[in-house]
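Enquirer: This is the structure, below, for whatever I ask next.
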Amino acid sequence: MALDIYKNLDLHARSLSIANQRLEVLADNIANADTPGYKARDIDFRTAMQSAGEGGDLGLRATSNRHVQVNGAAGPNTATPMYRVPDQPSLDGNTVDSQRENAAIAETSVRYQASLTFLSAQIRGLRDAITGGR
């Protein structure tokens, strides 16, 4: 049975792509914090990963009749930014909340770093398997 490296690394690669896209959207929000009428946008990471996961195989297999059946994953690595419902819109119509943006950036950065850590561990494991741990 051949090893499909892409299949093993794909989930985290998609996660990095969506996290990168979300960071770009959040940076746009911060850049336009003083622009009258600017509407803040965001990407729901969970929904984006679920939509990126439709239509393919995550490598999950039910080996027992007690396992939960999960339909696979694969798809585009992009997500659609949605307009955010403001907590307190300003008088000029701008809906950017700098504290919310900073919290979202911190959350996304943690997700990004976690995906990099998992990818690094998987690559290190493959390298050790190939070289015999030397």
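Values in this text are rule-based calculations from the coordinates and carry no lab data. Quick caveat: nothing in here was measured; it's all calculated off a predicted structure. FYI the Cβ positions are ideal-geometry reconstructions off the backbone, even for glycines, and counts take in every protein chain you see.
Enquirer: Based on the Cβ-Cβ distance from ALA13 to THR131, what FRET efficiency comes out when R0 is 22 Å, to the nearest 0.05?
Expert: Once the sixth-power term is evaluated, E becomes 0.40.
Enquirer: Label-point separation (nm) for ALA114 and SER98, each offset 7 Å from Cα along Cα-to-Cβ?
Expert: Inter-label distance under the simple model: 2.9 nm.
Enquirer: Under 13 Å from the Cβ of PHE118, count the other residues' Cβ atoms, weight Lys and Arg +1, Asp and Glu -1, and hand me the total.
Expert: In short, +2.
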